[in-house]
1. Keeping the other protein chains in place, figure out the carbon and sulfur percent of the accessible area of the range 119-278, with a 1.4 Å probe.
2. Shape verdict for the range 69-182, please, from the Cα gyration tensor: rounded (a/c under 1.5), prolate (a/b greater than b/c) or oblate.
3. Counting only heavy atoms of the protein chains, get the accessible area per residue of the range 57-129 (1.4 Å probe) and round it to a whole Å² value.
4. Against the longest principal axis of the chain, how steep is helix 119-136, in degrees 0 to 90 to the nearest 10, with axes from Cα atoms?
5. Using +1 at the Cβ of each Lys and Arg and -1 at the Cβ of each Asp and Glu in the range 123-250, identify which of Thr176, Ser131, Ala149 lies farthest towards the dipole's positive end.
6. Kindly report the accessible area of the range 222-264 per residue (heavy atoms of protein chains, probe 1.4 Å, no ligands, DNA or RNA), in Å².
7. Could you state the orientation-averaged shadow area of the convex hull built on the Cα atoms of the range 146-216, in nm² to one decimal?
8. Within the range 44-199, count lysine pairs with alpha carbon atoms under 27 angstrom apart where the residues are 8 or more positions apart or belong to different chains.
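The values are calculated or read from the model by the stated rules, or taken from the named source; none is laboratory data. None of the values given here were measured: they were computed from a predicted structure. Positions of Cβ are backbone-derived with ideal geometry, glycine not excepted, and every protein chain shown enters the neighbour counts. Please note that ligands, DNA and RNA were not included when accessible areas were found on the heavy atoms of the full protein model with its side chains. Shrake-Rupley method; radii C 1.70, N 1.55, O 1.52, S 1.80 Å.
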Amino acid sequence: MIIFAGEIEYKMSCLIDTHTHLYDEAFSADFDETVSRSIAAGVSRFVFPDIDSSSREAMLDCAAKYPDNIFCGIGLHPTSIKEDWQEELGMVETYLAGGKPWYAIGEIGMDLYWSKEFVKEQREAFDTQLSWAERYGLPVIIHSREATAEIFDILEAHKGKSLRGVFHAFGGSIETFRKMDRYGDFYVGIGGTLTYKNSKLPVTLAEIDISRIVAETDSPYLTPVPHRGERNESSFIPIIIEKIAIIKGLDFENTALATTLNAEELFRLPFVADMTEE
C-alpha cells in the first residue's frame, strides 16, 4: 500500500520502531530472522537505544549488518549507574566525540523503581547527558520510572536550550504530557502497554495530538496483546499503530504516515531505498 505526504510517496514498508533492543541476548539465536520478519511486516527501520558498555559492542555489531535500517543512540541507562558510573559515562563521551554518526543520546533518565541507592549519581549523569545532547544537537531518549518529579526538576535547568526528544514508554497523565512539553520539543513513545486491558494510557493518548506520537516496541519487553507472554519484537509495530489509530479515530494508513514522519523528524533519519515507488 502507498500513501502520500506532499510530493513523497510512502510505502507501508517504511514503518519505524523508535525503541527496540534487537541486539539483546534474547535475539542472539535468530537476530537475522527477526529483522527479516519485521521488514516483511512493514517495519524497515529501527532505532537502537544504548544501555552501557556491556551490550554496546553487540548493538554496534548488529547495526553494522544492516546500516540502511538500524540507527543507534549512545548513552548510559539509569539502571546501569553503579559504583563505576563515571567510567561508564566517560566511555559514552569518548564515543560521542569519535565521529560516528549517532542519532540520539539515550537511553538516559532516572529510574527509582529498581533502586534508590544511586539517586544523586543518576541525577548527575542525566544532567550531563542532556548537556551533551544540546552540544551535539541530538535528540534524547528519556527513561522515567517512578521519577517524574526528579526528571522535571533536572529538565527545568535545561529549559529554553532547544532540547528535543522522546519520553520512552510514556504512561503518564495528560497533565504530565503538558508539563513535559514545556521543556522542549518532546514526543511520547507508545508501545505495548497501550493494548493492556487495564491500561489508562488510552484515555491520555486520546488528548495528545497525533503529531506528538511515535511508535515503539521496547522489544524484547512490553509485548502487546494478543502476543503478551511471548518475546516482543519489532514486527509487532503494526499492532501498536492500529491501536493508536482506533484511539485517535484515524485510519491505519494515516496513523502510520504520521508516526513515521514524526520519527523521521525527531531522529533526522535518512530515507531508505524502498521508500518511494519506482
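1. Carbon and sulfur: 49 percent of the exposed surface of the range 119-278.
2. Taking the square roots of the gyration eigenvalues as a ≥ b ≥ c, the range 69-182 is oblate.
3. 47
4. In the chain, helix 119-136 runs at an angle near 60 degrees to the longest axis.
5. Thr176
6. Computed with neighbouring chains in place, this is 40 Å² per residue.
7. Value for the range 146-216: 4.7 nm².
8. 13
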